[in-house]
Amino acid sequence: MTQITVIGACPHDCPDTCSMITTVEDGRAVSVRGNPDHPFTQGRLCVKVNDYQERVYSDQRILYPMRRSGPKGSGQFTRISWGAALSEIAGKWKTIIAEDGAKAILPCSYLGTQGIINGLNVGDPLFNKLGATVAERTFCDSGACTAYLMTIGHTPGTDPESFVHSKYIILWACNTLSTNLHHWPYIKQAMKNGAKLVVIDPVRTRTAQQADWHIAIRPGTDAALALGLIHVITTEGLIDRDYVDNYSIGYDELAERAAIYTPDYVSGITGIAADDIRTLAREYATTPPAVIRIGVAVERHAGGGQTVRAISCLPALIGAWRHVGGGLLQLPIWAFPVKWDVLMRPDLQGEDLRIVNLWQLGPVLTGELGFDPPIKSLCVYNANPMAMVTEQGKIEAGLAREDLFTVVSEHFMTDTARFADIVLPATTQLEQKDLMFSWGHLYLSYNNQAIEPLGEAVSNTELFRRLAAAMGIDDPSFFRSDDEMIADSMDWTSPVLENITIEQLKQTGYARLKVEGSDTYAPHREGNFFTPSGKCEFKSSIAAGGNFVVPLFRQGYGGQQSGEPVDPLPSYIPPRESPQTNPELAKRYPLSLISPKSHAFLNSNFGNMPKQLHHAGEQAVLLHPDDAAVRGIEAGAPIRVYNDRGSFEALVTISADVKPGVVVAPSGYWQRSTRKSATVHALTSPAMADLGRAPTFSDILVQVSTA
């Protein structure tokens, strides 16, 4: 028996980007474990991926190209050759382009893998070359990114490892133990060193249960709380005057804006006691180093963008950026010198482009939005919209159209793949090579291919090489090898990559970017923010240009931005759907629904795997005892959750861990694993947040009854 170990990296849309070691015996992967040498991974993998080899060898894997042989949605397919599949796809696309134009083709993708060459942007060059409709992919953190750039620019922020030096840590809308597990040891060490941990969340999550203080906030009111903190800090003289004077702009206007957000006023909005608001502000401002970690959930309501703007102002107000372990952590991804334009190829785009936000996929496919030409072909990869996108009924109706030619590249027969005309087999991370950035730490990782692809599965990069050839494209850049793509994907001359080479990464699996060490890293000790002024902009100068989506989320295209006016100062925009702001709707649907990420799934990844399903259990809904009692609902009973947009059924868990008036339904379940073939996203709103065209997952009113 021949046994080897191969260093790789977890491919999933998670901030931890773990370094993995795969043990291979006679060409077969037999185990996957965390790399004990990686400073962030520390030898541990989460429940999602610690048996990744079971995903690779699952008998559910799609291993060969297939053509639909039954009604759409039936999941009936017949195996065909790659040649036949490519010929059919190219033939259909060429006919569509000739008859309706390339805009009738729409790519649909996101971060099923977040590898630099196989991830978000892998198909962009082909679809930009064809002139297809541009997919605006704002599912996660788009609003936060727009807000962050308006306030402090594209900074990596506080080093996650520097949290060991923090004395006051606020985890805001961030369930670290479920969604950022490998950051927890740094937080725990800080607590051992005397730090206080505060968690702001409507739910007493696994993380909140470990905190010194859990602050239960009404969904969608976070900006009001942030402005309330600013009010206390400014009116009680708790600001760092020297830092504010030298490294910020717009302080007087910000203080004036916050003047009305007294603790009593904010208490009425957020449901947090006024004295707690005062205490939080005072402790935060007077306990350096103080740091805030924001989670992606903080943007998921009508005013999500301005929420991030308000929170992003707090560290500069108190001079938190002066200190190692102080400041704000959003996305360290900004530190990685990725050549996004090389990956996306916006230079291939024509002038007459059409943009479609994929959160509106349902009405786009049904024709409700009236696009001319209508979408005649959909190409899905790295995504499962039937499980994760709003208005599921409309998506299903659109996918069922006989005149829609749908191609899906997948590992498994997902809810979306069942509606495909052609299904193509995709490789898993063990069967491909890739380079991995992280949005949760400062290590660049290399994924060595551990085993040969199973069956006839191909990587995303190989898929798009084959599609380009089938479409008659002869540009050599479309046919670069994976090694060439990796070499072209980064600015290897950047100071942060000094003495880091691809060959070194292949051997070690990872390297920390060449920034200051976590014991000294304070990137904004003396300002130097990546804004037009070089300062923290309490009053944003970029806001004058109106609302925008970062081009990374729209195939590199910066034009045709929505451009709605943006208040240059942080503001509180109330939720569209809450009992306080929409009492008429609340008469029928009095409960606020939130759909956090599951502990055992990564979006809809692993929603079909036996171990993860066993760990997660059947789709459940968390309900406060008071809300259950008034409806006569008993623990463990099947219930129906519904509103005008749809419904789903689940088992109820009754617990005081959730705030009264709030319903919690973890997302990631597939339709086929639920009771009535619908997921929580059958109820989510198609409306978008104020900035970055972000979805409003957590701005929903529902009712609950016994099933």
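Structure values in brief
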| item | result |
| --- | --- |
| Sulfur and carbon atoms: percent of accessible area, region 497-601 [1.4 Å] | 53 percent |
| Dipole moment magnitude, nearest 20 debye, the chain about Cα centre, only Lys, Arg, Asp, Glu C-beta charged | 1240 debye |
| Around residue 517: net Lys/Arg minus Asp/Glu count, Cβ-Cβ under 13 Å | -2 |
| Portion, in percent, of the accessible area of region 318-417 that falls on carbon or sulfur, probe 1.4 Å | 50 percent |
| Accessible area of the chain divided out per residue, in Å², using a probe of 1.4 angstrom | 33 Å² |
| Rough spin-label spacing in nm, given labels placed 7 Å along Cα→Cβ, for residue 23 and residue 614 | 2.0 nm |
| Equivalent ellipsoid dimensions for region 370-473 as semi-axes, Å, which come from the Cα gyration tensor, largest first | 29, 18, 14 |
| Sequence-separation-based contact order of the chain, relative, with Cα cut under 8 Å and 6+ spacing, percent | 21 percent |
| Prolate/oblate/rounded call for region 568-672, Cα gyration tensor, a/c under 1.5 rounded | oblate |
| For region 530-570 versus region 332-397, the gap between their alpha-carbon centres in whole angstrom | 21 Å |
| Charged-residue dipole, Cβ positions (Lys, Arg, Asp, Glu), region 220-267 about Cα centre, Debye nearest 20 | 120 debye |
| Within-9-Å neighbourhood charge of residue 271 [Cβ basis; K, R +1; D, E -1] | +2 |
| Sulfur and carbon atoms: percent of accessible area, region 142-296 [1.4 Å] | 45 percent |
| GluC sites (Glu not before Pro) restricted to DSSP loop in region 608-673 with at most 15 other C-beta within 10 Å | 618, 634 |
| Counting DSSP beta bridges with both ends in the chain, the antiparallel % (nearest 5) | 50 percent |
| Among 24, 678, 560 - extreme Cα towards positive end, dipole of the chain, charges at beta-carbon | 678 |
| On Cα atoms only, tilt of 142-151 relative to the major axis of the chain in degrees | 50 degrees |
| Angle between the chain longest axis and helix 274-286 axis [Cα atoms, degrees, rounded to 10] | 80 degrees |
| Length released on extending from residue 98 to residue 245, taking residue separation times 0.36 nm less the Cα-Cα span | 46.8 nm |
| Set of lysines near residue 196 by C-alpha distance (under 17 Å), chain-local residues within fewer than 8 positions excluded | 167, 188 |
| Free-standing Cys, the chain [no other Cys Cβ under 4.7 Å] | 14, 46, 108, 140, 145, 174, 313, 379, 536 |
| Residue-averaged 222 nm ellipticity for the chain, from DSSP H runs of 4+ at -39500 (n - 2.57), nearest 500 | -7500 deg cm²/dmol |
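The values are calculated or read from the model by the stated rules, or taken from the named source; none is laboratory data. Everything numeric here is computed off the predicted structure, so don't read it as measured data. Every residue, glycine among them, receives a Cβ derived from its backbone with ideal geometry; neighbour counts consider all protein chains shown. Note: areas computed on protein heavy atoms with side chains; ligands, DNA, RNA excluded. Shrake-Rupley method; radii C 1.70, N 1.55, O 1.52, S 1.80 Å.
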